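Accompanying notes for the structure given below.
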Amino acid sequence: MLVQERTRGEVEQKMGMMSDFLKMEYLESCIKQRRDFDIKKFCNLKLADLYASRNMFLEAARNAAAAAEIAATFKEKVQAYMKETSLWIRAGQYERAEESFRKALASGNTQEKFEMKIAIKGLYLKQAQAYEKALRNANALKIYQKLLEISDEGEKIEIKKRVLDLYKKLGKIREYSVLKAQMEGRDL
């Protein structure tokens, strides 16, 4: 698709007249052509939103990553990396989520790091609850186990209760017994 628009405003105006799939094609074309970084970043972020709205989380995360790489300020980098992290989590790519989260932490200051650590726990918890609601218990269990690694002691009790319930639902009797005994403070 030929892109003649030169400014971000012109790109936004042209996008207003298109359906989602045409927007995706148009934005991909904008990125491929030599444009300034602001327009490329804008196009990548818009593409990430469009792909996410269509549940195409892998493509959305890749575009968020591309936007983060060309972001000019640390604040923009942190926002783009956190968006990428969220999308990787929704795509079930937890190793990639950790990688992008580390990049976000490296780009943030002390206060932002604290807020990001709280946010990542919220993202994992939200996804685990969505999996539980959809009866995808094995996926939810995987996320809760990840949450056990990154949570503090106060949060771990509630998470362990959820893990215990999922072990029972999944028929993992041995793991259920071990965790139950551990929570009650006795050896098995």
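All of the numbers you see were taken from the coordinates with simple rules; none came from a lab. No experiment lies behind these values; they were computed from the predicted model shown. Counting neighbours? That spans all protein chains shown, and the Cβs are built from the backbone with ideal geometry, glycine included.
Within the stretch 110-138, the residues that satisfy the criterion of being over 20 Å from Leu164 (Cβ atoms) and touching a Phe, Trp or Tyr at 6+ places or on another chain (Cβ under 8 Å) are Met116, Ile120. Residues that are of a type outside the set (Lys, Arg), within 29 Å of Phe114 (Cα to Cα), surrounded by fewer than 17 Cβ atoms within 10 Å (Cβ to Cβ) and over 19 Å from the mean Cα position of the chain (by Cα) occur in the stretch 132-153; there is at least one. Among the residues of the stretch 81-100, those identified as touching a Lys or Arg at 6+ places or on another chain (Cβ under 7 Å) and either crowded, with 20+ Cβ neighbours inside 10 Å or within 21 Å of Phe114 (Cβ to Cβ) (or both) are Tyr81, Trp88.
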